[in-house]
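Structure first, then comments.
The values are calculated or read from the model by the stated rules, or taken from the named source; none is laboratory data. Because the structure is a prediction, the values reported are computed rather than measured. Backbone-built Cβ (ideal geometry, glycine too); neighbour counts: all protein chains shown.
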Amino acid sequence: MNKKLYALLLILLMFVFASPVMAISNGEPDEDGHPNVGAFAIKRDGVYVLRCTGTLISPTVFLTAGHCTAFLRASGSNEVYVTFDSQLTQAGNFIVSSEFYTHPNFGHDWGNHYDLGVIILPEGSTEGITPATLAEEGLLDTLAAKGGLHGQDIINVGYGGVPDWKQAPPSISFDGIRRVSTSLFMGLTKSWLKLLMNNDATDEGGTCYGDSGGPHFLQTNDGEILIATTSGGDHVCRAVNDNYRLDIPEARQFLSEFLILP
């Protein structure tokens, strides 16, 4: 597995959080800003353990990263617990699901990670939450061809860690708060949206461990459009953020098995 993936397969984060800190990476508490962004957990010895972030994309489909779901059953987790609370606690509102899927090509091609997974939630369990709007096919390519992504800020949301590089060695803190930041567009490949998250250079933010599977939104005149999910970056969450595009055929074919796409 790519060591740059923001997987919590190596570091499982229990809901025992430090005192509040500034952001996922130079951001701020999201509060009610993105109620369709949630976290999912597994249980270990009766304790909820944070796995990754994700986004509700239909009333029953919770989208996250493939590296977050791929090894759940092999590691003994047959149930997962999804919450849309803006702050994670052991007494939170968790939705239980035993139905989750990983893109069948995940891990087969390092040129395209196919880093997508979904959790299917029970009917009626997300009542009152409006799902995020998915990008149409080829949206980012169309914008890039017109120069529309140059200088564009992308919105990041997640429950992950807050990096601190001002002291040596770098450290990462967790407080369980859903946070929002923005990152400057850096580049586009066939399957990746790359963002610059060095806040010393841009005065903006990024993502970190625990934000895997979380959304990246493009602000448009019609509202926020979900364009990619967090996949990975450098190991101290300081430089580049790699995100799996949702407007490409490989992503859309997988997601079309679970919902009607725009």
Can you name every residue in the stretch 228-262 that is surrounded by 22 or more Cβ atoms within 10 Å (Cβ to Cβ) and assigned to a strand (DSSP E or B)? Ala228, Thr229, Thr230, Ser231, Gly232, Gly233, Asn241, Asp242, Asn243, Tyr244, Arg245
Checking the condition of a type in the set (Val, Ile, Thr) and farther than 25 Å from Arg252 by Cβ, which residue from Thr83, Thr142, Thr53, Thr60 passes? Thr83
Answer with yes or no whether Arg238 is modelled with pLDDT of 90 or more and either within 19 Å of Ala39 (Cα to Cα) or charged (D, E, K, R) (or both). no
Would you pick out the residues in the stretch 106-122 that are in a loop (DSSP other than H, G, I, E, B) and closer than 20 Å to Asn78 by Cβ? Phe106, Leu121, Pro122
When you scan the stretch 116-157, how many residues do you find that are in contact with a Gly (Cβ under 7 Å, 6 or more places away or on another chain), more than 17 Å from His34 (Cβ to Cβ) and surrounded by fewer than 22 Cβ atoms within 10 Å (Cβ to Cβ)? 0
Residues being under 23 Å from Glu224 (Cα atoms), of a type in the set (Asp, Glu) and out of contact with any strand residue (DSSP E or B) (no Cβ under 6 Å at 6 or more places or on another chain): count how many of those fall in the stretch 115-130. 1
